[in-house]
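To start, the structure itself, in structure tokens.
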Amino acid sequence: MFDHLLNLTIEPEVFPFFDEATNTISYIVKDPGSPHCAVIDSVMDIDYAAGVISYDHANALINHIKSNNLELDWIIETHVHADHLSAAPYIQQKCGGKTGIGENIMVVQETFGKYFNEGTEFERDGSQFDALFKNEDTYQIGSMTGLTIHTPGHTPACMVHIIGNAAFVGDTLFMPDGGSARADFPGGDAGELYDSIKKIFTLPDAMRLFMCHDYGPNGREIKWETTVGEEKQHNIHVGELNGKAKSREEFIQLRNERDATLSMPNLIIPSLQVNMRAGNIPADEDGNPTLKVPIKSLKS
């Protein structure tokens, strides 16, 4: 499908940063042949009850970049996250780099612009980001080429970013014993999620996969790296367990039944407002940072 665009001979240096409050893993991805790097799925800390923003997690990324004399080229979002706030503007202010997300951010902005009753001043064209990626777009991190693959299902704007022999899958997949992401947010679709996972499974078995989240099922230690081959064989939702993989129809039924039991993420209300603005906090008419809490269901 996109084999001609892959270069598995390049092995980027990947530095994970786990955020215990949101079970998010952010990454610094470094070109092995130069100081150039990218940040993927950063986290801005929030005490939602107190209405306080802080930057401990982002500062850990920034300190790594600066202490190792790295040059930040890109700050990537794999999708509009519903469970943590992006620190992209803060990191960009401190280290430079361009922000990027999938072009279907415009679909997400339209959906949640209505939900949060945003006025006409809220642009729904993705212009808050420096780059909007299409399927099979490429971008440079030093001598490395990043490749974007559109993988909707969890959200319309989800993308997998393939950099050398490493792929950053966002919320499309979890570790094999974690299964797959939910598909019941507005714009989500379990059938599309299944198709996207199968697209990932066309990558070489040795391709390293890096998760955006891990919850340590059954009390195991937190993990974030696996391979395509391990997911194909052992993923509890789509793997070839007992020698047979689930059909698309079986997966849709499993995913829909499971999603019906899940509560909304604790930070979904602030996360959506901030992340659809590329990590910027909305302001009231006096310019004060302010978040809304609509009293209506977010279920699709």
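Quick notes
- Residue match in the range 136-158 (condition: closer than 27 Å to HIS36 by Cβ, touching a Pro at 6+ places or on another chain (Cβ under 8 Å), in contact (Cβ under 8 Å) with a residue 60 or more places away in the chain and aromatic (Phe, Trp, Tyr)): no
- Test for VAL274: is it part of a loop (DSSP other than H, G, I, E, B), buried (at least 19 other Cβ atoms within 10 Å of the Cβ), in contact with a strand residue (DSSP E or B) (Cβ under 8 Å, 6 or more places away or on another chain) and touching a residue at least 24 places away in the same chain (Cβ under 8 Å): no
- Filtering the range 1-42 to residues that are under 11 Å from LEU61 (Cβ atoms) and in contact with a helix residue (DSSP H, G or I) (Cβ under 8 Å, 6 or more places away or on another chain) leaves PHE15, PHE17, ASP19, SER26, ILE28, CYS37, VAL39, SER42.
- Exactly one residue among PRO265, PRO289, PRO186 is within 24 Å of ALA88 (Cβ to Cβ), surrounded by fewer than 13 Cβ atoms within 10 Å (Cβ to Cβ) and of a type outside the set (Val, Ile, Thr), and that residue is PRO289.
- Restricting attention to the range 1-33 and to residues that are more than 22 Å from ALA82 (Cα to Cα) and in contact with a Ser or Thr (Cβ under 6 Å, 6 or more places away or on another chain), the residue that is modelled with the highest pLDDT turns out to be ASP31.
- Taking the criterion of being outside any strand (DSSP E or B) and either of a type in the set (D, E, K, R) or out of contact with any Gly (no Cβ under 9 Å at 6 or more places or on another chain) (or both), the residues of the range 135-163 that qualify are GLU136, ASP137.
- Test for HIS81: is it in contact with a Leu (Cβ under 9 Å, 6 or more places away or on another chain) and on the phi < 0 side of the Ramachandran plot: yes
- When the range 184-236 is filtered for residues that are in a helix (DSSP H, G or I) and of a type in the set (Phe, Trp, Tyr), only TYR194 remains.
- Residue match in the range 24-31 (condition: of a type in the set (Ser, Thr, Tyr), within 19 Å of THR99 (Cβ to Cβ) and touching a Gly at 6+ places or on another chain (Cβ under 9 Å)): no
- Near pairs, Cβ below 6 angstrom, 6+ apart or cross-chain, from the range 89-117 (in contact (Cβ under 8 Å) with a residue 24 or more places away in the chain and under 22 Å from SER42 (Cα atoms)) to any residue that is in a loop (DSSP other than H, G, I, E, B) and aromatic (Phe, Trp, Tyr): TYR90/TYR55; THR99/PHE129; ILE101/PHE129
The values are calculated or read from the model by the stated rules, or taken from the named source; none is laboratory data. Source: prediction; values computed, not measured. Glycine gets a Cβ as well: all are built from the backbone with ideal geometry, and neighbour counts include every protein chain shown.
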